[in-house]
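To start, the structure itself, in structure tokens.
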């Protein structure tokens, strides 16, 4: 028989911080002040982790005699619904924001000098926290402007990298989800 308390429902909140910021260690402590809210998304957040493999083949067998791992590609994808200078800066992996009187200017970073960020996600039911420790936005920044209820947004396709000494991500879940 299943356990309904282990079903994950709904969206959550996205957070962003500079690399090396203090990470949450449980589900009840507040995120440190270094973690800033990303705001609304178009359709929530998607996390994928794909193990790539290669077949070890020999002439005498039709089937591979082994399948070996060759790498992992992990990504976090979402479309930020709030087109802000800070979200543009994160989407472009850096850049400069200059504040004027009643306006701000965003200038993208020089080519080849990307800034990586940490991202976090917390479920609305406070039963899960995901920490992505080192991310580079590799997706195309493509902002659609359309009529009616269609929202402009900034797409993010974060590729995870392995930071020194730790795994690329951590998941904290409520103890009822241990099994």
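The values are calculated or read from the model by the stated rules, or taken from the named source; none is laboratory data. The structure displayed is predicted, hence computed values, not measured ones. All Cβ positions, even for glycine, are placed from backbone atoms using ideal geometry, and neighbour counts span all protein chains on display.
Worth a mention:
- On the stretch given as segment 40-88, residues that are within 29 Å of residue 8 (Cα to Cα) and within 18 Å of the chain's Cα centre (by Cα) total 25.
- Subset tally (residues that are assigned to a loop (DSSP other than H, G, I, E, B) and either more than 23 Å from residue 93 (Cβ to Cβ) or in contact (Cβ under 8 Å) with a residue 24 or more places away in the chain (or both)) for segment 21-47: 18
- Residue that is nearest to the chain's Cα centre (by Cα) [pool: residues in segment 134-173 that are surrounded by 15 or more Cβ atoms within 10 Å (Cβ to Cβ) and more than 27 Å from residue 94 (Cα to Cα)]: 172
- Residue match in segment 54-69 (condition: under 24 Å from residue 141 (Cβ atoms) and either in contact with a helix residue (DSSP H, G or I) (Cβ under 6 Å, 6 or more places away or on another chain) or modelled with pLDDT of 95 or more (or both)): no
- Taken over segment 1-18, the criterion of being modelled with pLDDT of 95 or more and either part of a loop (DSSP other than H, G, I, E, B) or loosely packed, with under 13 Cβ neighbours inside 10 Å (or both) is satisfied by 18 alone.
- Listed conditions (1) more than 24 Å from residue 10 (Cβ to Cβ); (2) surrounded by fewer than 17 Cβ atoms within 10 Å (Cβ to Cβ); (3) within 19 Å of the chain's Cα centre (by Cα) are all met by residue 91, apart from (2).
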